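Worksheet for the structure shown next.
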Amino acid sequence: MMTQSQNPISESIQSAEPATSAASAASSAAGILPFTASTPFTMGIELELQLVNRRNYNLASDAVDLLTWIQPRALQKQIKLEMTQGMIELNSEVHTRVDHLIEELKVLRAALNKGAQHLNIDVSGGGAHPFQQWHEQRITPSERFNYLYEKYGYLAKTFTVFGQHIHVGVANGDDALYLTHAFSRFMPHFIALSAASPFYQGADTRFASSRSNVVRAFPLSGTAPELTEWSAFEAYYEELMRMGIVGSMKDFYWDIRPKPEFGTVEIRVCDTPLTIEHAAYLGGYAQLLARWILTERPFEITPDFYLLYQYNRFEASRYGLEGMIAMHRKDPRTSSKLPLFEHLQTQLKLLVPYVQNEADSMTLQHLHRIASERRGDADWLRQTFAKRGSLNDMMRLSSALWMGQE
């Protein structure tokens, strides 16, 4: 177990020379986990992607080799290895507009596609590969990944699932904690809108997002504690470090977590969508929600804030947009239970005053359409499998969709 003295953050604090500027003095005063302010409501995303061979469209263990083929080489800093070698992670830059994010994702996708051709593999979205076997996966050579494999055993290999993470910029730690908690009311939206893992280990799970269940197996998954001041969170974090439970913020697998080193709040519940455009619009939704939340402050964070969270999370994972949302007793809406797609439509209307450009309008139009049709990526995967009769062929078409070839 990593101890406090082994932690890179704590080592850098302990070994630092005496502060010689107001900035470094402020950092020292900030405590063990200083929050780096960023421009509020900026946004970026991370996408974990599937690498599949072209013989039977099972996962291909080619991530390490794929990195060497990425051109131009400057893009390699945005394409990273993940826990197992059938995965690759794509990281966007920081954006203020969703249309600019889409254009960047197209450039990154083109670089991935070109590199994949050299290895005779394809790249796909989706939250879980439909028929890979966890025990066949290879841990990516890395000190951290090897440590996690030793710590978590087979869970590390079952973590061969594929998610989208969304970062939203905030000004300070207190705002980050408020946004972390307030975002939790809308995690069913993000789960349902992104759900793209109905098949797992060769079977139809009857879930829209089976990936959600895999993540929940980790001991530090779930939700952040109901702390509202950054100083209190620092004390909580320092205590867990002292006990050897965590070594960095990466050890928290919460659905939503503050990222003080980036100055962001990170949403982690989404499956990786089947297209880059949909992934970008999910980022745009988080950006609009953050504007509304930090302006209106619509929720009071109390010890019972998460009472209905697990139920609502299950409904979204199991049924997607057809699930139900149980309303907190302090929620201003009158109904105690509401179809998820209706709850989403109501929220989208509340966000209209926070639209700042045509890209924001595109985001709301895209999400309104999905809510009205109640058809997402999980439906596309099931329908494609029903038509083709083969999970292999379904994956071939899914990869063509993500790579922009359909």
Item to check | Rg in Å to one decimal, and Dmax rounded to a whole Å, for the chain via C-alpha atoms | outcome: 20.9, 67
Item to check | Cα centroid separation - segment 233-250 against segment 157-175, whole Å | outcome: 18 Å
Checklist entry - How much accessible area per residue does the chain have, in Å², with a 1.4 Å probe? => result 41 Å²
Checklist entry - Hey, if you drop one equal point scatterer on each alpha-carbon of segment 220-270 and run the Debye formula without solvent, what base-10 log of I(q)/I(0) do you get at q = 0.14, 0.32 Å⁻¹? => result -0.34, -1.48
Next on the checklist: Among 38-49, 278-289, how do they line up by average Cβ neighbours within 10 Å per residue, starting with the highest?
Outcome noted: 278-289, 38-49
Checklist entry - Is segment 258-328 rounded, prolate or oblate when judged by the Cα gyration tensor, a ≥ b ≥ c being the square roots of its eigenvalues, rounded requiring a/c under 1.5 and prolate requiring a/b larger than b/c? => result oblate
Checklist outcome for this item: By the C-alpha gyration tensor axes a ≥ b ≥ c (rounded if a/c is under 1.5, else prolate when a/b exceeds b/c, else oblate), the shape of segment 302-393 is oblate
Item to check | Quarter of Cα convex hull surface for segment 121-211, i.e. mean projection, nm² | outcome: 8.4 nm²
Item to check | Partners for Lys77 among aspartates and glutamates (Cα-Cα distance below 13 Å; same-chain residues under 8 apart left out) | outcome: Glu46, Glu89, Glu93
Checklist entry - Roughly what would the spin-label model give for Thr96 and Arg216, points 7 Å off Cα along C-beta, in nm? => result 4.0 nm
Checklist outcome for this item: Taking a ≥ b ≥ c as the square roots of the Cα gyration tensor eigenvalues, with a/c under 1.5 meaning rounded and otherwise prolate when a/b beats b/c or oblate if not, segment 180-296 comes out oblate
Next on the checklist: How much of the DSSP bridge set in the chain is antiparallel, in percent, rounded to the nearest 5?
Outcome noted: 90 percent
Next on the checklist: For Lys157, give me every one of the lysines with a C-alpha distance below 23 angstrom, ignoring sequence neighbours fewer than eight places off in its own chain.
Outcome noted: Lys80, Lys250
Checklist entry - With the radius of gyration and the Kirkwood radius both derived from the Cα set of segment 47-135, what is their ratio Rg to Rh? => result 0.97
Checklist entry - What percent antiparallel are the DSSP beta bridges of segment 203-339, to the nearest 5? => result 80 percent
Next on the checklist: How compact is segment 145-193 by the rule of thumb for globular proteins, expressed as Cα Rg over 2.2 N^0.38 Å?
Outcome noted: 1.60
Checklist entry - Within segment 32-71, whose backbone N sits under 18 Å from a point 7 Å along Cα→Cβ of Tyr147? => result 33
Checklist entry - Listed highest first by mean packing, meaning other Cβ atoms within 10 Å per residue, what order do 362-371, 314-323, 57-66 come in? => result 314-323, 57-66, 362-371
Checklist entry - In whole percent, how big is the carbon plus sulfur part of the accessible area of segment 200-254, probe 1.4 Å, protein atoms only? => result 51 percent
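The values are calculated or read from the model by the stated rules, or taken from the named source; none is laboratory data. Everything quoted here is computed from the prediction, not taken from an experiment. For neighbour counting, all protein chains shown are included, and Cβ atoms are generated from backbone atoms with ideal geometry for every residue, glycine included. Ligands, DNA and RNA are excluded from the accessible area calculation, which covers all protein heavy atoms including side chains. Shrake-Rupley method; radii C 1.70, N 1.55, O 1.52, S 1.80 Å.
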